[in-house]
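Below is one structure, written out as structure tokens; comments come after it.
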Amino acid sequence: MLRSTTRTSLRLAARYAKVSPNVVSKLAVPRFASVRMASQLAHVKTPPHLENEPVKNFGFKDTKDWDLLRASITKFTDEGALQVPLVVGGKKIYREETKPQVNPAKHSQVLADVSQAVPQDIIAAIEAAKAAKKKWAATPWSDRAAIFLKAADLISTKYRYDMLAATMLGQGKNVYQAEIDCVAELIDFFKFNVKYAEEMYQQQPIQTAPGVWNRAEYRPLEGFVYAVTPFNFTAIAANLVGAPALMGNTVVWKPSATAALSNYLLLTILEEAGLPAGVINFIPGEPVEVTDIVLNDPEFAALHFTGSTDVFKKLYSKISENVSADKYRDFPRIVGETGGKNFHLIHPSASLNHSVLSTLRGAFEYQGQKCSATSRVYIPESIWPEFKEQFVGAVSQITIGNTSEPEDLNNFMGPVIHEQSFEKLANAIDQAKNDPELEIVTGGSYDKTNGFYVQPTLVKTTNPNHEFLSKEFFGPLLTAYVYPDAEYESIIKSIDTIAKYGLTGSVFARDRDAIRTAEENLRYAAGNFYINDKSTGAVVGQQWFGGARASGTNDKAGSGNILSRFVSIRNVKENFYELTDFKYPSNYQ
């Protein structure tokens, strides 16, 4: 096998050096060259043909899908709370101190008792990641890729309905929102990342000289990666741990307390797919305690984060302080996707019905708890009366309830994630009721008797600089500003400057000049900019996702760019000619 690999290396060396194989064979080819080629390039195999995972519609005729889903929901609810352990070095650790994960639609129902890490667990997780690193980094890329491809297929088939049930119950999603998240998008992340990695590894130096072989080695980062994952998308959690692991890194994973159930299920699927012990270590616990210990380790190499802007700023600051104190071996990579104050801009020429329905979906799907959810809408005076009438009429048809109740799975909206979110939104609605610059157009009710329910609410403001147009609420609260038709360009400037975020935004218009004006002047207001489409719904491989400003580092999840953040490139130059003199031609007269 080694001889075969060496012959392959000689042929490649000949090609790059532009000399014949016979000449190269007479040179001293270091064994290093053939081994490195075997580990870096020879194992880059073309993955299976990839397409986005089809989304099951769960229409009224899909009775088999509904039956299988109900069976999975019952599996998680009829046998009491699941005991969720820590997973360190492949070993499950159950602690006396646990934290309940409740069903936000029925907060009396405890879904899981989640073990909470103590300091020695956090330290053990870090050490496990370090211990697993050498072997995992040396594992051929095709073997690493196969694990994630198998996990994707397990989710598409064997575990599809379990993943749906865990996400619906624990994170308050209806079946369609869960399907596009914890099944379709999650599978897409795992499969498309394999394709992106293959393309990255094959990017090699394009210039060479006679007798020289130049090559690039995509090393994993030196150290371990810390993944801090959110509640709102199981797929995001999968990508935050999966992308660095695919590239040969090992990971310490702190899941959201309100997504521990689906996240633990995901880890068990990865283990079934062949993930070695210690590659991903699962550490639910008190966020500040876990983070402080992780960030103080000298071998901390990268942060992969999705969550609030304020938390990300604190982590960024802590890392910067440690860099200044010379605590780390490397400058850690910081990759973050945070908040947004995402906008819809409606032009007088827009299709009224389409802009109404798109705005409703963008603002109220999954209770407005998407990073990209529409949070502010700008509507021209000429169409406001009709827009308002259609919007209020459509909102009145929204059904709200327990989206995970086996006998009532058809609701459009469910609960917000927890009491803290509920109270923040309730306080904002109460403020709107008492602010002379705000008017509640529709909605404005809330109730936490059984679950954390907030009605879809549209608030209109008369002040283009009101804080409701710049403050993120992360819930079903949409603020509208009605602008004079002639002030289209000036309202664009307001959209660009009033909020500190830059995640997503949309313009609705038939007038191409209006579209061009918005696209050019809102260039930095949204990392994902939509024309005649809602501000949510980026698809892996189609719309790369991420924003800048206070919305994050804009590394574009769903593209190959994100993988480049978790490798450290080494360039190798191998010379096959030997010097006969130290002088250059210019040194002779």
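Here, each number is a calculation from the coordinates, and none is a lab measurement. It should be emphasised that the depicted structure is a prediction, and the values quoted were computed from it without experimental measurement. Using ideal geometry, Cβ is built from the backbone for each residue, glycine included, and neighbour counts are taken over all protein chains shown.
So which of Lys471/Lys556; Lys433/Lys500; Lys150/Lys370; Lys92/Lys173; Lys254/Lys500; Lys254/Lys318 end up more than 21 Å apart by C-alpha?
Values: Lys471/Lys556 24 Å; Lys433/Lys500 25 Å; Lys150/Lys370 28 Å; Lys92/Lys173 28 Å; Lys254/Lys500 27 Å; Lys254/Lys318 17 Å.
Listed pairs above 21 Å: Lys471/Lys556; Lys433/Lys500; Lys150/Lys370; Lys92/Lys173; Lys254/Lys500.
Are any of the pairs Lys64/Lys158; Lys135/Lys191; Lys56/Lys191 more than 20 Å apart by Cα-Cα distance, and if so, which? Over 20 Å Cα-Cα: Lys135/Lys191. Centroid-to-centroid, using Cα positions, the stretch 152-231 and the stretch 307-362 are 20 Å apart. Positive end of the charge dipole of the stretch 342-531 (Lys, Arg +1 and Asp, Glu -1 on Cβ, about the Cα centre): tell me which of Leu352, Val507, Ala432 has its Cα farthest that way. About the Cα centre, the residue reaching furthest to the positive side is Val507. Between the alpha-carbon centres of the stretch 491-514 and the stretch 390-448 there is a gap of 26 Å.
How high is the relative contact order of the stretch 342-531, in percent, with contacts defined as C-alpha pairs under 8 Å that are six or more residues apart?
28 percent
When all alpha-carbon pairs of the stretch 193-299 are counted, what percent fall beyond 16 Å? Beyond 16 Å sits 64 percent of the P(r) for the stretch 193-299. If the cut-off is a Cα-Cα distance under 18 Å, which aspartates and glutamates reach Lys341, setting aside same-chain residues fewer than 8 apart in sequence? Here the aspartates and glutamates satisfying the reach criterion relative to Lys341 are Asp310, Glu365, Glu467, Glu472, Asp496, Glu519, Asp533.
Calculated [222 nm] ellipticity per residue, helices only, for the chain: -12000 deg cm²/dmol; basis is -39500 (n - 2.57) per DSSP H run with n ≥ 4, divided by all residues, nearest 500. Cross-link partners for Lys388 among the lysines, with Cα-Cα distance under 17 Å and sequence neighbours closer than 8 places in the same chain left out: Lys460.
Among the GluC sites (Glu not before Pro) within the stretch 339-414, those in coil by DSSP and having at most 14 neighbouring Cβ atoms inside 10 Å are Glu381, Glu407.
In a fully extended conformation the segment linking Lys573 and Asn57 would gain 180.4 nm over its present Cα-Cα distance, using 0.36 nm per residue.
The loop-placed trypsin sites (Lys or Arg not before Pro) in the stretch 96-152, going by DSSP, include none that has at most 15 neighbouring Cβ atoms within 10 Å of its Cβ. Stokes-Einstein diffusion for the stretch 483-589, with the hydrodynamic radius set to the Kirkwood value over Cα pairs and evaluated at 20 °C in a medium of 1.002 mPa s, equals 121 µm²/s.
As a length-normalised measure over Cα pairs under 8 Å and 6 or more apart, the relative contact order of the stretch 295-422 settles at 20 percent. Computed over neighbours whose Cβ is under 12 Å from that of Ala428, the net charge equals -2, Lys and Arg +1, Asp and Glu -1.
List the GluC sites (Glu not before Pro) within the stretch 490-589 that DSSP assigns to loop and that have no more than 11 neighbouring Cβ atoms inside 10 Å.
On the way: sites: Glu519, Glu520, Glu574, Glu578; in loops: Glu578.
Sites meeting the loop and neighbour criteria: Glu578.
Counting only other residues whose beta carbon sits under 13 Å from that of Val335, what net charge do I get with K and R as +1, D and E as -1?
Numbers: positive: Arg333, Lys556, Arg565; negative: Glu337, Asp555.
Net local charge, Val335 excluded: +1.
What does the charge count near Lys448 come to, summing +1 for each Lys or Arg and -1 for each Asp or Glu among other residues with Cβ under 11 Å from its Cβ?
Working: positive: none; negative: Glu419, Glu423, Asp447.
Result for the local shell: -3.
Averaging the sequence gap over all C-alpha pairs within less than 8 Å and six or more residues apart, then dividing by the number of residues, gives the chain a relative contact order of 17 percent.
When the expected Rg is taken as 2.2 N^0.38 Å, what fraction or multiple of it is the alpha-carbon Rg of the chain?
Details: Rg = 26.7 Å, N = 589, 2.2 N^0.38 = 24.8 Å.
Scaled against compact globular proteins, the figure is 1.07.
Mean projection of the Cα convex hull over all viewing directions, computed for the stretch 342-531: 10.3 nm².
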